[in-house]
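Student: Below is one structure. I have some questions about it.
The values are calculated or read from the model by the stated rules, or taken from the named source; none is laboratory data. Values in this document were obtained by computation on a predicted structure and should not be read as measured data. Cβ sites come from the backbone with ideal geometry, for glycine too, and all protein chains shown count toward neighbours. Ligands, DNA and RNA are excluded from the accessible area calculation, which covers all protein heavy atoms including side chains. Shrake-Rupley method; radii C 1.70, N 1.55, O 1.52, S 1.80 Å.
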Amino acid sequence: MEAIADFIPPMPPRAAGAPSALGGLLRARRDVLSIFPADAYRRQVFTTRLPGRLILVANAPQVVREVFVTKHETYQRKARFLEDALKPVIGGSCFIASGEEWSERRDAISPPIHPSGIAQFHRAFVQAAETCAEAFAGATGPVDAAAAYAAAISHVLLLAVFGDAATPEEARLIAETFTAYQEEAEVVDLLALMGLPDLLGWWTKRRALRLAADIRTRVARLMDRVGPDGGTPLLKALRASPALTGEHLLDEVVMFLLAGAEGAAITLTWTTMLAALHPATADRMAAELPEDVSDLSALMALPFTRAVIQESMRLYPPVAVFARQATQPDRIRRWDIREGDLVLAVPWLLHRHETLWEAPNAFRPERFLGDAARQRPRFAYMPFGVGPRICAGAAFGMAEVTVFAAVLFRRFRFSLAPGFAPRPNCRLALRPKGGMMVTIGRR
Ligand code: HEM
């Protein structure tokens, strides 16, 4: 098959040089990706020193392996600013817990989303994708695909946890509230990272806490509605776990709804942008996709569609920065790490690293086909993370994205709305600033 000509999709401008620690953090408030200068895409390890704290970026596969796999015990704890940013919404859930608490919670939440049981969610994937397709078919003007996918994928997760007791409208409200929460929470956590007192942040913090409480109340109400014995097998399995009682159960359910929705909705958003900007790819995907989406394993085996999704997650990893705090002293290469220092892996850099990828900024789904995929260095590609804390829902996530792709890309032709320019913007996750405005036509 003919190779797709190189196409460089949108990316933020690179910094002219290494910023000062404070200057970098001030810029990072608006967009973390804008702080990296050109040589960050070539170096193996680099550091910045804040007052009393070192930040080290693990920027080579073997260093990523060392931090996330070999030294998991030392670097399993998420950075404090992430804990602070997420705790109001997801409490002490698996996503931010560490140590014994993390192991217990990870053991409790993993079985119901084990890859061997993903087929049970297929009906939810198709139902939510069809609702999304109906909305797309009825659109008379530009649509914000980012908001549409956030609502639709939130619907998938609500269906997976609560079954038909959950409505698309509730899903939309939860997704919108979480988007608003991310906008507010970001300001607070970066001030905390700089070690500055949060004198001006009280107002935003208050608003963020109100949004977090709103999400938890909505989910608690759904749990009341299905009652102590109702809900899907997933909810029943969580309820049956001795590790998850009272607020802990609510923490994990909210975490499922948000962690499960965020990565998939963002992946679909960037994939839609790539399809809009590169019609040859969209046509090739549409030609591969079957009309009948009832066989999940057949959909998962479609090589080109899978490669497009993987390449989309390479160029736009939904979690573009992983931040961990050292729980004990250590040494990485020539740097002494003290307890509390931050060690980062930045998929945005690793996935575009000049020594790891040919034409790193080009959109080339072929990288993920056949031999090319097998030759890729391990730990150079980590959209789901690596090591013991790797995404617990990776199989679920790939399946939901694939089903949506199958329903939507076969039926619709996407174009960017006139005058709209996509802007990747990294806060807690890599979302497009201002959404993803597209026009939608039938194929
Ligand atoms: C395309 C979709 C998804 C992407 C790209 C994604 C990505 C990620 C990433 C990067 C992490 C963090 C790993 C780390 O910090 O080391 C993570 C963690 C997690 N994800 Fe996902 N995820 C997706 C879908 C899902 C789904 C559908 C679920 C649940 C149904 C889920 C549940 C979790 C959980 C529970 C964790 C915490 C794991 C732990 O800390 O032990 N994710 N995900």
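Student: Compute the length gained on full extension between THR217 and GLU169: take 0.36 nm times their separation in residues and subtract their Cα-Cα distance, giving the result in nm to one decimal.
Tutor: 15.7 nm
Student: A further question follows. Is any residue of the range 379-422 close enough, with backbone N under 13 Å, to a label point placed 7 angstrom from the Cα of ALA135 along the Cα-Cβ axis, and if so, which?
Tutor: The answer is none.
Student: Also: Sequence gap at least 6, Cα distance under 8 Å: using those rules, report the relative contact order of the chain to the nearest whole percent.
Tutor: After rounding, I find 27 percent.
Student: If you don't mind, another one. For ALA180 and GLN375 in the same chain, what is the full-extension length gain: residue separation times 0.36 nm, less their Cα-Cα distance, in nm?
Tutor: The span from ALA180 to GLN375 would gain 66.1 nm if fully extended.
Student: To continue, here is another question. For a Förster distance of 60 Å, can you work out the FRET efficiency between the beta-carbons of THR245 and ALA38, rounded to the nearest 0.05?
Tutor: 0.70
Student: Right, something else. Compute the label zone of ASP107 within the range 230-256: residues whose backbone N is under 14 Å from the point 7 Å along Cα-to-Cβ.
Tutor: Zone members listed by number: 241-244.
Student: Once fully extended, how much extra length lies between ASP295 and LEU50, figured as 0.36 nm per residue of separation less the alpha-carbon to alpha-carbon distance?
Tutor: Result: 82.9 nm gained on full extension.
Student: At a 1.4 Å probe radius, which order do LYS236, LYS78 fall into by accessible area, largest first?
Tutor: LYS236, LYS78
Student: Got a number for the accessible area of ARG331? Probe 1.4 Å, square angstrom, nearest 10.
Tutor: Estimated to the nearest 10 Å², ARG331 gives 120 Å².
Student: Determine the order of GLU311, GLU354 by accessible area, beginning with the largest, at a probe radius of 1.4 Å.
Tutor: Result of the area sort, largest leading: GLU354, GLU311.
Student: For LEU50, what residues show an amide H to amide H distance below 5 Å, using hydrogens built from the backbone and excluding near sequence neighbours?
Tutor: ILE55
Student: Which order do peptides 39-49, 161-171 fall in by mean Cβ count within 10 Å, highest first?
Tutor: Per-residue mean Cβ counts within 10 Å order the peptides as 161-171, 39-49.
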